[in-house]
1. In terms of Cα to Cα distance under 19 Å, which aspartates and glutamates are near enough to residue 133, apart from those fewer than 8 places away along the same chain?
2. Tell me the relative contact order for the chain as a rounded percent, counting alpha carbon contacts under 8 Å between residues six or more apart.
3. In nanometres, what is the gap between the two model label sites at residue 163 and residue 62, each 7 Å from Cα along Cα-to-Cβ?
4. Pick from 124, 16, 68 the residue whose mean-square fluctuation is largest in a GNM of the chain, springs joining Cα atoms under 10 Å.
5. Note down the net charge around residue 118, summing +1 for each Lys or Arg and -1 for each Asp or Glu among other residues with Cβ under 11 Å from its Cβ.
6. Residue by residue through region 147-156, which ³J(HN,Hα) values in whole Hz follow from phi under the Karplus form 6.51 cos²θ - 1.76 cosθ + 1.60 (θ = phi - 60°), with glycine and proline marked x?
7. May I have the pair-distance distribution P(r) for the chain, computed from all Cα-Cα distances with 5 Å bins from 0 and rounded to whole percent?
8. So, with +1 on the Cβ of K and R and -1 on the Cβ of D and E, and no other charges, what is the size of the charge dipole of the chain about its Cα centre, to the nearest 20 debye?
Amino acid sequence: MMQQQINWGKCKPYLYIDDSIPAVVLGPNFLQFLLAYIAYAIYGFILLIVLFSRDLGIIRLSLSVVSYTSTLINYFLAAFMNQGVSNYKYNYYIQPIKYCEICNQKQQKYTEHCDTCGVCIEGYDHHCPWIGKCVGRHNKRYFYVFIFSLFVFQTSSILIFTKIL
Ligand SMILES: [Zn+2]
Ligand SMILES: [Zn+2]
């Protein structure tokens, strides 16, 4: 019953862990995420094949494999896990400071309404079309681990190719 009272805007909730909290929320730009994810996975895989064709040794190859795997996992989690769609009904600890006219609910600190998603997002960071939705309270950690892993994967590849590493 409670599920129907919540505004999900253009987001789609899946896999409810209880009455009101879904584990998975897909965003309005899900197709763009899917295409970007597949393109990135293929690009990274080709890069790995090129690296493996050289005699680089176990440490440099492990660095590439681990950072590439980490980007794939965390990119996936950032796009699929509930980003923190605001739901006043289960935020009993809430200290509302604003009100969203569109969602018709109180907002706590750091909650912002995203026009693209059409919902209020807790711990709003930004709307990222490459993960298909917002970066918010619950998927922030995956997003930033993804960015860090991507930095390590790309930087180490460049350093290997230029023979600095
Ligand atoms: Zn709102
Ligand atoms: Zn958004």
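Every number in this text was worked out from the coordinates using simple rules, so none of it is lab data. Note that the coordinates shown come from a computational prediction; the quantities given were computed from them, not determined experimentally. Using ideal geometry, Cβ is built from the backbone for each residue, glycine included, and neighbour counts are taken over all protein chains shown.
1. Straight-line reach from residue 133, under 19 Å: 112, 115, 122, 125.
2. Details: 254 pairs, mean separation 45.1, N = 165.
Computed value for the chain: 27 percent relative contact order.
3. 2.6
4. Highest fluctuation of the listed residues: 16.
5. Neighbour charge sum, excluding residue 118 itself: +1.
6. Values per residue, Gly and Pro as x: 4, 5, 4, 4, 4, 5, 4, 6, 5, 5 Hz.
7. Pairs per bin, as whole percents: 2, 9, 16, 18, 15, 11, 9, 7, 6, 4, 3, 1, 0.
8. Charge dipole of the chain: 240 debye, to the nearest 20.
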